[in-house]
1. Taking the C-alpha atoms of region 118-221, how large are the radius of gyration and the largest Cα-Cα span, Dmax, in Å?
2. Would you look at the GNM of the chain, springs on alpha carbons closer than 10 Å, and say which of 118, 130, 187 moves the most?
3. Between residue 186 and residue 101, what FRET efficiency follows from the Cβ-Cβ distance if R0 is 25 Å, with the result rounded to 0.05?
4. One-quarter of the Cα convex hull surface for region 1-41, in nm²?
5. Can you give me the angle between helix 172-181 and the longest principal axis of the chain, using Cα atoms only, in degrees from 0 to 90, rounded to the nearest 10?
6. Take the chain, connect every pair of alpha-carbon atoms lying under 10 Å apart with a spring to form a Gaussian network, then pick out the residue of 152, 64, 136 with the largest mean-square fluctuation.
7. Using a Gaussian network model on the chain with a 10 Å cutoff between Cα atoms, which of 138, 157, 46 fluctuates the most?
8. Against the globular-protein guess of 2.2 N^0.38 Å, express the Cα radius of gyration of the chain as a ratio, rounded to two decimals.
């Protein structure tokens with residue numbers, strides 16, 4: 001009887017010691033090590049890939065698309081048709097993400113694409129420039145799988161050049177250079193497609209537009 005109690009006590013003691021050691025290793029030391037490596041080697045990404053404006057204010061993440069609410073002074077991102085709006089979720093609040101899950105021959109999807117194409121043509125038609133329907137890339141009228149794609153194609157960015165320049169009182173050439181400066185190539189040179197991050201582009205655009213306004217104010221008597 002005494003041997004049985006002693007064996008049980010020893011087993012309990014060994015179990016408790018193992019629990020304590022594993023808790024320290026897996027619950028304290030390992031998370032601290034991973035966090036330390038992440039902060040040291042990938043600090044920007046580990047902290048959410050935050051994007052700051054020229055005043056140092058965080059305006060979003062470069063990994064998550066934003067809605068500009070039809071503000072035609074800004075470059076527009078992809079449609080977010082897959083993001084539902086209900087009592088617990090509104091578009092771009094990140095509680096829900098997803099695609100429309102409609103088939104390629106879905107009448108609803110085809111109608112949504114036609115409406116998006118019409119809107120893109122209308123929004124980007126400005127004095128001196130009328131886009132042709134054949135110039136509209138697929139990402140201008142379709143949403144991504146998550147509905148939160150932060151990037152657009154260079155073709156869609158270029159389609160918006162004249163409208164953005166006109167709305168901000170900027171030369172088209174300067175806005176075109178801004179797009180070129182923010183165009184990233186394929187990952188590792190062969191994966192994916194060239195892309196433009198809309199949030200980063202709009203932050204740079206706001207800075208350029210502010211400088212242009214200041215130059216105009218200085219030029220006035």
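Just so you know, all these numbers are worked out from the coordinates, no wet-lab data involved. A quick note: this is a predicted structure, and the numbers were derived from the prediction, not measured. Here Cβ is always computed from backbone atoms with ideal geometry, including for glycine, and neighbour counts include all displayed protein chains.
1. 15.2, 53
2. Most flexible of the set in this elastic network: 187.
3. 0.35
4. Mean shadow area of the hull around the Cα atoms is 2.3 nm².
5. 20
6. 136
7. 46
8. Ratio of Rg to 2.2 N^0.38 Å for the chain: 1.52.
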